[in-house]
1. Collect the residues in the stretch 44-77 that are acidic (Asp, Glu) and loosely packed, with under 10 Cβ neighbours inside 10 Å, keeping them in residue-number order.
2. Starting from the stretch 50-65, keep only residues that are under 22 Å from Phe38 (Cβ atoms) and aliphatic (A, V, I, L, M), then list their pairs with residues that are modelled with pLDDT under 90 and open to solvent by less than 40 Å² (accessible area, probe 1.4 Å) whose Cβ atoms are within a distance under 9 Å, requiring at least 6 positions of separation or different chains.
3. Condition first: within 23 Å of Glu66 (Cβ to Cβ), surrounded by 10 or more Cβ atoms within 10 Å (Cβ to Cβ) and more than 13 Å from the chain's Cα centre (by Cα). Now tell me which residues in the stretch 1-43 satisfy that.
4. Which of the strands (runs of 3 or more DSSP E) contained wholly in the stretch 1-85 include at least 1 residues that are β-branched (Val, Ile, Thr) and modelled with pLDDT under 85?
Amino acid sequence: MSSQEEILSDVRFSRITRDPKFWEMPEKKRKVKIDKRFRAMFHDKKFKLKYTVDKRGRPVNYTSTENLRKFYALSESDSDLSEDDSKENTEKKKKQKKAKPKREADS
């Protein structure tokens, strides 16, 4: 710790403490916000890969969807709407499925 203090107190490196490009990124801004059009990538099978080894050959047990959740987040307004929309969409689909056999029987 004392070496870090010496570096920060050094005149040559004093610019680092004031320059925003060297500051740590806030957690709220780390994840890229995704709108509701792309929310399927979190649960769609096309985006899901199961890894058994990492890039160095060590065994791992995780999927690509965990990486997606790590780097991407649904935007606040869309995440609230997406939960409501998904419920409404499932109800509409159920109603449509029930209505289709009746129409086919009528014709």
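The values are calculated or read from the model by the stated rules, or taken from the named source; none is laboratory data. Just so it is clear, the structure is predicted and the values come from calculations on it, not from any experiment. Because the Cβ atoms are built from the backbone with ideal geometry, glycine has one as well, and the counts that use them run over all protein chains shown. The accessibility values were calculated without ligands, DNA or RNA, using every heavy atom of the protein model including side chains. Shrake-Rupley method; radii C 1.70, N 1.55, O 1.52, S 1.80 Å.
1. Initially, the stretch 44-77 is screened for residues acidic (Asp, Glu), giving 44, 54, 66, 76.
The answer is Glu76, and nothing else.
2. Close Cβ pairs satisfying both conditions: none exist.
3. If the condition is that a residue be within 23 Å of Glu66 (Cβ to Cβ), surrounded by 10 or more Cβ atoms within 10 Å (Cβ to Cβ) and more than 13 Å from the chain's Cα centre (by Cα), then no residue fits.
4. Filter on the stretch 1-85 gives 59-63.
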